[in-house]
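Remarks on the structure that follows.
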Amino acid sequence: MTKYDFSQCIDRHGTQCKKIEILKQDYGRDDLLPLWIADMDFAVCPEITEALVRRLADHPIYGYTCLYDGYWQSIIDWQREHNGFEFTQDEVTFVAGIVTGFGLAVNFFTKPGDKIVIQQPVYYPFKEVIDGNGRITVNNELIPTEEGLFKMNLEELERIMREEKPRMMVVCNPHNPAGVAWEPEVLREVARMAREHDVIIFSDEIFGDLMLFGHKHTAMATVSEDAAAVTVTCGAPSKTFNIAGLKSSWCVVKNPKLREPFFKWIEINELCNANLVSIIATEAAYRNGAQWLDECLRYIEGNVEYVQQYCKEHIPGIVAVKPQAGFLVWLDCTGLGISHEEVISLFRDKAGLAMNEGMMFGEAGRCHMRFNMGSPRCVIEQAMHQLEAAVKN
């Protein structure tokens, strides 16, 4: 028997909800079903809400707040117990978000003109941060698999590291948009190359707690001594517990030669100061949110299976790729036999759906769309009915 209700439809209009408020700006229409940005439409774990209400109601002063031992220990305990990722309080710091953490790492560890490797198709802000800070993006293109997922081109990656001499590499672990849970041996080989060629790895592990269908998350820094020596890891409770608006993330660096100057720079510039609400929500999530998360993941798995089966039965020109992690489904629309621009128009103009178009993530996203599964089943059903009607018409 389940404790939490994920089928409840909650109206987010009038709450400054980004996925709704900027539809007109980004899609040209504000009447679309919003299934794009990666937050969920599920009510937050009530244990988090209760902790926030208790603190904000019981004490009327919201002054400067310190990061206390209980907060740090909740992160440390959760990562050890759920992902086998062990670190001490000295090895972790607060950052306001994963992209923020990446920007900090880029600006501290690299200089303008340095090369940074990404693996497209991948979360598009990585390239924006690199290019926007005057660094040079180098793409180690992922290779599609028969299942519609991706694998790394390790031979090409080694050539890039040897010949192009990048200073940093981003590993999206698990992968966004396709939801690949990278195998330990793959991460181990990447770490070997990086250490040999003096490349720092930035490992984005924001989806690391959202593992589906029995898959396990492997933290990059745990796979070998090489990995621990070169990896800057960022994770967060934000995607996991649907609290992205509270801006709470953490950064772990095991190697003191990288960590000590980096963390000192962050501290001196007051880039690790958390707000009161984010601290309370993070500790409550990691201490009391395990059952909510387990039920949430089972619900998401049901949404994924529903979409897969619906496509097979009613829209065979679209394949819903089964993710290993996260709440995003990569839709392969190549079977429709239309151009990428026509795919975008089909979803937006004919089906009335706001999804992320695949080429935002790189060329390999041509004729693909990213579909957010983090909604009540009735919303997912509505989206599929609208899509089916648009394809048939």
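Here are the numbers:
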| item | result |
| --- | --- |
| Residue match in segment 212-223 (condition: within 21 Å of the chain's Cα centre (by Cα) and on the phi > 0 side of the Ramachandran plot) | yes |
| Qualifying residue in segment 314-327 (condition: in contact (Cβ under 8 Å) with a residue 12 or more places away in the chain, part of a helix (DSSP H, G or I), surrounded by fewer than 23 Cβ atoms within 10 Å (Cβ to Cβ) and in contact with a helix residue (DSSP H, G or I) (Cβ under 9 Å, 6 or more places away or on another chain)) | yes |
| Qualifying positions in segment 212-254 - touching a residue at least 60 places away in the same chain (Cβ under 8 Å), part of a helix (DSSP H, G or I), surrounded by 23 or more Cβ atoms within 10 Å (Cβ to Cβ) and touching a Gly at 6+ places or on another chain (Cβ under 9 Å) | 238, 239, 241 |
| Positions within segment 328-356 being out of contact with any helix residue (DSSP H, G or I) (no Cβ under 6 Å at 6 or more places or on another chain), among the small types (Gly, Ala, Ser) and assigned to a strand (DSSP E or B), in sequence order | none |
| Single residue of segment 25-51 satisfying the filter (aromatic (Phe, Trp, Tyr) and not in a helix (DSSP H, G or I)) that is nearest to residue 290 (Cα to Cα) | 42 |
| Single match in 299, 310 (criterion: touching a Ser or Thr at 6+ places or on another chain (Cβ under 9 Å), buried (at least 17 other Cβ atoms within 10 Å of the Cβ), hydroxyl-bearing (Ser, Thr, Tyr) and part of a helix (DSSP H, G or I)) | 299 |
| Cβ-Cβ under 7 Å pairs, at least 6 apart or on other chains, segment 21-45 side farther than 26 Å from residue 299 by Cα, far side basic (Lys, Arg) | 23/29; 27/348; 30/24 |
| Subset of segment 13-61 that is hydrophobic (A, V, I, L, M, F, W, C) and more than 24 Å from the chain's Cα centre (by Cα) - its residue that is nearest to residue 287 (Cα to Cα) | 51 |
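Just so you know, all these numbers are worked out from the coordinates, no wet-lab data involved. All figures in this text were calculated on a predicted structure; none of them were measured in a lab. When we count neighbours, we look across all protein chains shown, and the Cβ atoms used for this are built from the backbone with ideal geometry, even at glycine.
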